[in-house]
Amino acid sequence: MKKLFCLFTLLLSFCIIHRTGAQNISKKPLQTLIIDPGHGGLDPGAIGTKASEANVSLQVSLKLGDTIAKAYPDLKIIYTRTTDVLPGPVQNKDAALKYRANLANQSGGDLFIAVHCNSAGKHPGGWYERRVVGKTPVVKTYKKGKKTYTKTTYQYQYENVFVENKAKGTETYIWAVSKNDDKINSVSKNNEYMGEIDSTSTLTLPDPSDPAEKARMLIYAQNYFRKSLNLADMVQEEFKSVGRIDRGVKQRNDKGIWVLQATAMPSILIEIGFISNKEEEEYITSEEGQAEIVKNIFTAFKNYKERLENKTKENKDAEKEKEKEKEKEKEAEKEKEKAKDKEPKKGF
Ligand SMILES: [Zn+2]
């Protein structure tokens, strides 16, 4: 009977050890990835000469998800949309943004990647402008009293000149923790393009005077900001490595990237190229271009994931070391106590 009991206890403890082991394995820092193709359906986003931002973002997002799923079959990937609709599907852009954030949060996402295309506004591809190409002097004489005066005026020659929509390159956005952050790239200074600004939005930006909003901003600053920045940096590095123009990692806190702060996880928004630039539109819509973009984002994701896992492992190892030290100290204490007990007692 005693033997049986021992065997049972042994079996039970084995099961417990085994289970905790399995739990440790499943407790990876990155288990759920949210991929958010920008815009969709009623909201086509920026329009190029032949493609829409919503469609290009969706194509690249799905390809990115496929590549990541093949490399990490255990990773859970959730798309905010997989077809040309506003996610939800809901009836307006703001509701769609809220849906994206809620879905990410309710799914317990560990990382949020939004894919968008940039636009410099104006006419995609380029536009014609009337420009002065020459002037001919016209001399007129006139009399005032007895004096004769001459006056020179000019006749201008105009021509319609094609102006290319030149802005190009990639940039990755993260949510700026503070509005007073001097790293924030002021969009108004750069009137060359409009980015993701959406003046029609009714979304309210987080209000730092509201304690709940402030708490959320603090959590973002402490837990997610650094990670978002690291990943954004890695993405831009990969784009740069294949010769894309690197417009950098940008920190903003406006309505266009509202969704980044509404997700309780590290989050980035990648502008994969300018759909308003004819050459770049060609690239971001081509099979080869999309494959290269996906490869770049995937490599950055892989590096980010590995770095995160190594850090977690390092932390765990450090914790184990600490525990070992504690055990040793306890042992030493016990030894001391024992030695004390052995000491001949005085005073008796
Ligand atoms: Zn967009």
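What follows is calculated from the coordinates using simple rules that are stated; it is not laboratory data. Everything numeric here is computed off the predicted structure, so don't read it as measured data.
Could you list, bin by bin from short to long, the percent of Cα-Cα pairs of region 196-348 in 10 Å steps?
Calculated P(r), rounded to whole percents: 9, 23, 23, 16, 9, 7, 6, 4, 2, 0, 0.
Computed over the Cα atoms, what is the radius of gyration of region 55-97 divided by 2.2 N^0.38 Å, N being its residue count?
Working it through for region 55-97, the quotient is 1.33.
Just subtract the alpha-carbon distance of Glu337 and Glu288 from 0.36 nm times their residue separation and send over the number in nm, one decimal.
My answer for the length gained is 10.4 nm.
Region 119-135 to region 208-271: how many Å between their Cα centroids?
34
Apply the Karplus curve 6.51 cos²θ - 1.76 cosθ + 1.60, θ = phi - 60°, to the phi angles in region 38-46 and return the couplings in whole Hz, x for Gly and Pro.
In residue order, the calculated couplings are x, 6, x, x, 4, 10, x, x, 6 Hz.
Bin by bin, in steps of 5 Å, what percent of the Cα pairs in region 224-281 do you find, going until the bin that has the longest distance?
4, 17, 25, 23, 17, 11, 4, 0
Please list, or write none, the aspartates and glutamates whose alpha carbon is within less than 13 Å of the alpha carbon of Lys168, excluding same-chain residues fewer than 8 places away.
Glu192, Asp246, Glu271, Glu279, Glu280, Glu281, Glu282
Near the amide H of Gly48, under 5 Å away, which other amide H atoms are found, from residues 5 or more places off or on another chain, if H is placed in the peptide plane?
Amide H neighbours of Gly48: Glu53.
Given Lys50/Lys98; Lys63/Lys122; Lys255/Lys302; Lys76/Lys316; Lys227/Lys302, which pairs have Cα atoms separated by over 19 Å?
Where the Cα-Cα span goes over 19 Å, the pairs concerned are Lys50/Lys98; Lys63/Lys122; Lys255/Lys302; Lys76/Lys316.
If the chain between Glu321 and Lys302 were fully stretched, how many nm would it gain, using 0.36 nm times the residue separation less the Cα-Cα distance?
Contour length minus Cα-Cα distance gives 4.0 nm.
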